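The values are calculated or read from the model by the stated rules, or taken from the named source; none is laboratory data. Keep in mind the model is a prediction, meaning the values are calculated, not measured. When we count neighbours, we look across all protein chains shown, and the Cβ atoms used for this are built from the backbone with ideal geometry, even at glycine. Remember, those area values only see protein heavy atoms, side chains included, never the ligands or the DNA or RNA. Shrake-Rupley method; radii C 1.70, N 1.55, O 1.52, S 1.80 Å.
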Amino acid sequence: MTMTPISRTVELDPNRNVPGIRRPGFSDTLRAEWIKFWTVRSTQWSVATLFVMGAGLTVLVCWAAAGELASETADEAAAAFVTWGLMLAQIAAVVLGAMVVTSEYGTGMIRATLAATPSRGAVLAAKALVLTTTLFVVGTATAFAGYFGGNPFLENEGVGVALSDDGVLRAMVGSGLYMAGLGLFAAAVGLLVRHTAAALSIVLGLVFVVGNMVFLLPGAWGEWIGKLMPGNAGSAVSSAASFNPMLLDPWVGYAVFIGEVAVVLLAGYLVLRSRDA
Amino acid sequence: MIVASGLTKTYGSKTAVDGISFTVEPGRVTGFLGPNGAGKSTTMRMVLGLDRPTAGSVTVNGRRYADSPAPLREVGALLEAKAVHPGRSARNHLRWLAATNGIPVGRVDEVLDLVGLTEVARQRVGKFSLGMGQRLGIAVALLGDPRVVVLDEPVNGLDPEGIRWVRNLARRLAAEGRTVFVSSHLMSEMALTADHLVVIGRGRVLADCSMSDFIAEHAASYVLVRSPQRGEVADVLRRHGLDVAVHEDDELRVQGLDAPSIGELVGKNGLYLHELTLVRSSLEDAFMTLTADSVEYHAATPAGIAR
């Protein structure tokens with residue numbers, strides 16, 4: 001007599017619904033990235049630095065320059081000074097943006113991240129959302145704090161700027177927008193180079209050094225390259241009146257900047273998706 | 001259950017994993033053994049969908065890891081201990097991981113307790129010793145109460161007490177019916193932990209068998225016999241169908257019967273024995289012999305040093 005072998009295991013559909021286990025979705029990825037973001041000191045330091053430098057330096061400069069701005073020899077618009085500190089605070093936004101990505105590669109934690117959430121697009125989207133939301137809120141709050149702290153010094157000298165003045169409110173929100181864009185730009189570069197120092201050097205070099213030097217190039221094409229550099233195109237939206245007359249209009253410049261960020265981010269995403277972790 | 005078939009990974013012209021196929025069954029500890037650079041970690045990264053295979057495939061519970069709806073609840077993995085941000089506390093590290101797969105925070109404290117890190121849960125991981133880091137890695141692996149547990153070199157950096165703890169944990173997880181896949185480059189450790197062995201060297205499977213089969217096959221043993229009547233003793237033993245090899249001086253190496261029986265056999269024939277010893281080559285030796293050709297970097301043995 002032949003025995004029919006009895007299979008010892010029961011075949012289960014691997015895609016079955018296991019009771020009690022909720023299929024995690026994007027909100028879970030987002031929550032995880034939010035926890036991850038706020039539980040390292042570098043985030044707290046960067047955010048604090050952004051606020052203190054951005055608001056503090058604006059107040060300091062308004063206090064120091066108020067008299068000069070009120071004098072007859074003044075050749076700068078007082079409105080340009082109410083977001084002055086953001087020019088330096090943007091360094092903190094770049095650091096924060098780069099670290100969000102590169103610290104994962106530096107520590108090897110990216111493997112834990114991608115093992116927990118295999119969808120790399122979801123990980124990147126969650127990171128980007130946490131980073132840009134934070135930088136937008138902090139950047140805007142910093143701009144308002146600088147305005148309310150610095151403007152009284154200008155008012156004392158009779159050169160105060162009202163929120164209803166042309167471009168002032170836009171500069172407040174624009175500061176948040178520019179910080180968010182800049183952070184995202186640094187994060188995208190971080191995805192490409194996977195190294196903190198390299199990402200910081202590239203972004204800070206591009207924004208602060210190369211961005212200013214290209215204006216020295218001769219002719220109309222030099223001027224256009226200058227206008228289109230990410231730091232130059234994006235920053236106009238963050239000030240009510242610019243120190244640099246060569247810049248594009250605020251919203252046109254910001255659109256160009258966001259386009260540039262999008263291209264680098266797309267490249268970063270393709271690298272994240274295709275390369276081994 | 002983990003099933004790899006024809007799994008291959010090449011980096012440029014270098015082949016790290018060369019078409020390996022194996023199955024890791026539930027309910028037992030499967031040791032994944034090989035010298036450093038044999039391709040163990042690369043294989044494990046492919047199991048977890050971190051590295052993309054150049055060819056072949058690997059599935060966990062019947063599907064690709066990345067297709068799992070909640071991977072941490074299905075597969076728990078200890079990767080290199082340093083896959084942690086040193087500035088984050090152990091508890092926060094587990095908190096964000098739990099959040100990714102919708103695991104309740106209560107489970108975080110549970111696994112911290114399980115691995116004995118409750119007291120240092122709020123300390124920054126950067127201050128942890130190697131052993132504490134490994135315990136945190138194991139807490140990560142157990143976070144989702146997974147059916148499949150993958151541990152890459154779990155005893156690295158652990159003290160003897162910690163090593164025994166990992167060994168017992170692996171055995172207990174397997175006894176609960178889970179699939180346990182443990183890599184190591186230490187044969188001696190695997191001999192105590194694993195029920196089944198997959199040995200790889202230079203990216204190829206060298207052995208895939210039960211631990212007892214491996215011992216029987218590779219850890220050769222023989223009985224060393226010395227006698228002033230060497231020739232007669234050899235004849236007696238050969239007549240009983242035993243395998244007798246004559247070695248230098250008066251040494252006979254006998255296989256096929258245990259030492260007491262050989263002693264009795266020789267005694268019955270009225271012959272003298274000067275020595276009767278069971279010699280067993282260690283599993284470590286067996287492993288070394290098996291992988292000798294596949295070790296990536298040999299330490300040079302200076303000539304003239306007595307061994």
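The table below gives the values:
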quantity: Along each principal axis, Cα extent of region A:220-277, largest first, Å; calculated: 46, 25, 15
quantity: Geometric extent, Cα atoms of region A:72-149 - Rg, Dmax (angstrom); calculated: 18.2, 65
quantity: Mean separation of Cα contacts under 8 Å, 6 or more apart, over the residue count of region A:31-97: relative contact order %; calculated: 46 percent
quantity: Rounded FRET efficiency, nearest 0.05, which uses the C-beta distance separating residue A:263 from residue A:165 and R0 of 35 Å; calculated: 0.50
quantity: Cβ neighbours within 10 Å from other chains - mean over B:99-108; calculated: 5
quantity: HN-Hα J in Hz across region A:113-118 - Karplus 6.51, -1.76, 1.60, θ = phi - 60°, x for Gly and Pro; calculated: 4, 6, 6, 6, 10, x
quantity: Rounded if a/c under 1.5, otherwise prolate or oblate - region A:111-239, Cα gyration tensor axes; calculated: oblate
quantity: Percentage relative contact order, region A:105-231, counting C-alpha pairs under 8 Å, at least six apart; calculated: 23 percent
quantity: Förster-model FRET efficiency, 45 Å R0, residue A:26 and residue B:249, C-beta, rounded to 0.05; calculated: 0.05
quantity: Taking the convex hull of Cα positions in region A:174-274, its mean projected area over all directions (nm²); calculated: 6.5 nm²
quantity: Chain A: angle of helix A:219-228 to the longest principal axis, Cα-based, in degrees nearest 10; calculated: 50 degrees
quantity: Fraction of accessible area attributable to carbon and sulfur, region B:2-217 (%, probe 1.4 Å); calculated: 49 percent
quantity: Chain A: proportion of alpha-carbon pairs further apart than 37 angstrom, %; calculated: 25 percent
quantity: Amide H contacts of residue B:206 (H built 1.01 Å from N, under 5 Å, at least 5 apart or other chain); calculated: B:199, B:200, B:201
quantity: Residue A:276 paired with residue B:105, simple spin-label distance in nm, labels 7 Å along Cα-to-beta-carbon; calculated: 3.8 nm
quantity: Integer Hz, Karplus 6.51/-1.76/1.60 couplings in order for region B:200-210, x for Gly and Pro; calculated: 10, x, 6, x, 10, 7, 9, 7, 9, 7, 6
quantity: Percent breakdown of C-alpha pair distances by 10 Å bin, ordered from the shortest bin, for region B:1-152; calculated: 11, 38, 32, 17, 2
quantity: Lysine-lysine proximity count for the protein assembly as shown, Cα under 16 Å, sequence distance 8 or more or distinct chains; calculated: 4
quantity: Inter-label distance, nm, simple model (7 Å from Cα along the C-beta direction), residue A:72/residue A:60; calculated: 3.3 nm
quantity: Exercise: per-residue mean of other protein chain Cβ atoms within 10 Å, B:184-191; calculated: 0
quantity: Per-residue ³J(HN,Hα) for region B:231-244, Karplus 6.51 cos²θ - 1.76 cosθ + 1.60, θ = phi - 60°, Hz, x for Gly and Pro; calculated: x, 4, 4, 4, 4, 4, 5, 5, 4, 8, x, 8, 8, 10
quantity: Distant-in-sequence amide H partners of residue B:29 (H built 1.01 Å from N, under 5 Å); calculated: B:195, B:196
quantity: Viscosity 1.567 mPa s, 4 °C: Kirkwood-radius Stokes-Einstein D of region B:220-283 over Cα pairs, µm²/s; calculated: 113 µm²/s
quantity: Chain B, relative contact order [Cα under 8 Å, separation at least 6], %; calculated: 21 percent
quantity: Using alpha-carbon coordinates, inclination of helix A:250-274 to the longest axis of chain A, degrees; calculated: 20 degrees
quantity: Modelled FRET efficiency - R0 22 Å, residue A:249 with residue A:220, Cβ distances, 0.05 increments; calculated: 0.80
quantity: Per-selection Kirkwood Rh - region B:127-240 (Cα, Å, 1 d.p.); calculated: 17.1 Å
quantity: 15 Å reach of a label modelled at residue B:210, 7 Å along Cα-to-Cβ, counting backbone N of region B:1-43; calculated: B:25-31
quantity: Calculated log₁₀ intensity ratio I(q)/I(0) where the Debye formula runs over C-alpha points of chain B, q = 0.16 Å⁻¹; calculated: -1.23
quantity: Residue-averaged beta-carbon neighbours from other chains (10 angstrom radius) around B:44-51; calculated: 4
quantity: Virtual spin-label span in nm between residue A:119 and residue B:272, 7 Å along Cα→Cβ; calculated: 8.5 nm
quantity: Whole-number D in µm²/s for the protein assembly as shown (Stokes-Einstein; Kirkwood sum over Cα pairs; 4 °C, 1.567 mPa s); calculated: 45 µm²/s
